[in-house]
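The values are calculated or read from the model by the stated rules, or taken from the named source; none is laboratory data. Computed from a predicted model, the values in this text were never measured in an experiment. With ideal geometry, Cβ positions are generated from the backbone for all residues, glycine too; neighbour counts draw on all protein chains shown. Surface accessibility is based on the protein's heavy atoms, side chains included, excluding ligands, DNA and RNA. Shrake-Rupley method; radii C 1.70, N 1.55, O 1.52, S 1.80 Å.
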Amino acid sequence: NWNGGAQNLDCIASLVAEGFAPERIVFVDNGSRDGSLELVRGAHPDLCFLENEANEGFARGASMGAARGLEAGCEAVFFVNNDVTLLSGCIEPLISTMNEEPRVGLVGPRVLYQRERSRVWSAGGKVAWRSNVLTLLGHGQNDSPEWELEREVDFVCGCALLVRREVLEDVGGFEPEWFAYFEDADLGVRARREGWSSRVVGRAACLHDASASTGGGRNPRRKYMMGVNSVWFLRAHGTPMRWLRFALFDVFTLPLSFLFGLFTGDAKSALAKALGILAGLSGRRVTADKIEAGAGPLW
């Protein structure tokens, strides 16, 4: 949680409804200042609380929660964003798939838009090495039986992700340096190298208020972070051909995105992405001070 407000209560209520005992829910707070930590503590005092003094980012915060789960002897960790609400029957199919197939190490549900439940936000992800490097399968499409199928994917989105204990012990969890965005794709790629597969179980579903903490999908702050981490993802997993594709589909198209954005109101987003790419190429990472409101010229 980072200033997540009352959304936390909906998320926790859905976890409890799916059978999670409160004491097995680790609530990680990243230095929130909106009273949300106190709100959750008052409503659910039996949760396991971890409190950071500052915003450590999703990747580090989630890893802290996972470490507490592993210490408690869990067989798997379910990562969940505080802007996610599980629909009834979400968890059991994920656990069943993991139990039935020993080399499936990462599992997740299909993710629907919270504010438009008839549309898919993600049915898993693909590393496409094109625009934005990553592609969310089904993104923006109407929900249909096609997305209720089970499919192998390159990565499962970190907003609702069940990871086998052996995967976390074998390849580690989210790398803290990602702060937010690309950490789930990086984990999926690293797991695949060690022989673990990622699976989306479409008959399970959750709702996601996408990018709630960063202001929405086209928000300049989010685009800046995506720009930074796209470069670092290529540093970690790129080849000369993949760098070339990134240049052709992402970098060289930015001027056109900016010009088009002058008419759609998204010009700031294109500029923010360009600044992020430059920051990544300069060796800088996403940090909390860079994404504070007013810290950048575009947000």
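Summary table below
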{"item": "Some residue of the stretch 251-269 being of a type in the set (S, T, N, Q), touching a helix residue (DSSP H, G or I) at 6+ places or on another chain (Cβ under 6 Å) and more than 24 Å from residue 2 (Cα to Cα)", "result": "yes"}
{"item": "Which listed residue is of a type in the set (Gly, Ala, Ser) and surrounded by 17 or more Cβ atoms within 10 Å (Cβ to Cβ), from 144, 131, 198", "result": "198"}
{"item": "Any hit, the stretch 213-225, residues being out of contact with any His (no Cβ under 7 Å at 6 or more places or on another chain), within 26 Å of residue 14 (Cα to Cα) and either buried (at least 16 other Cβ atoms within 10 Å of the Cβ) or at pLDDT 95 or above (or both)", "result": "yes"}
{"item": "Of the criteria (1) open to solvent by 50 Å² or more (accessible area, probe 1.4 Å); (2) in contact with a Ser or Thr (Cβ under 7 Å, 6 or more places away or on another chain), which one residue 166 fails", "result": "(2)"}
{"item": "Helices (runs of 4 or more DSSP H) fully within the stretch 245-299 counting 2 or more residues that are out of contact with any His (no Cβ under 9 Å at 6 or more places or on another chain), surrounded by 12 or more Cβ atoms within 10 Å (Cβ to Cβ) and small (Gly, Ala, Ser)", "result": "254-264, 267-281"}
{"item": "Any hit, the stretch 98-105, residues being under 19 Å from residue 171 (Cβ atoms), without any contact (Cβ under 8 Å) to a residue 12 or more places away in the chain and open to solvent by 10 Å² or more (accessible area, probe 1.4 Å)", "result": "yes"}
{"item": "The lone exception for residue 75 - which of (1) open to solvent by 20 Å² or more (accessible area, probe 1.4 Å); (2) within 24 Å of residue 287 (Cβ to Cβ) it fails", "result": "(2)"}
